[in-house]
Amino acid sequence: MSRHTNLPPVIGFSAFSGTGKTTLLKKIIVLLRERDIRLAVIKHAHHDFEIDHPGKDSFELRKADAYQMLISSGKRTA
């Protein structure tokens, strides 16, 4: 398989609610940011949502210094 250097790497996480995905991703974000690597997070939601509320995944991932944050559900993208 050839590697296209102009395309950003993509990593995906999928698991049941409450299994530690956000906790793991926050740690990965911190490690990558310490290495001056910028990254973006895309989070899918199965429900309606508000963004940037303390304690919510989107808030926590931005607080961990993700460069961009996108959250999407069947009704809304932010």
Give the Rg/Rh ratio for the chain, taking Rg as the radius of gyration of the Cα atoms and Rh as the Kirkwood radius, to two decimals.
-> 0.99
Acute angle (nearest 10 degrees) that the helix 21-34 long axis makes with the longest principal axis of the chain, alpha-carbon atoms | 40 degrees
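Coordinate-derived values only; no laboratory data. For clarity, every value in this text was computed on a predicted model and none was experimentally measured.
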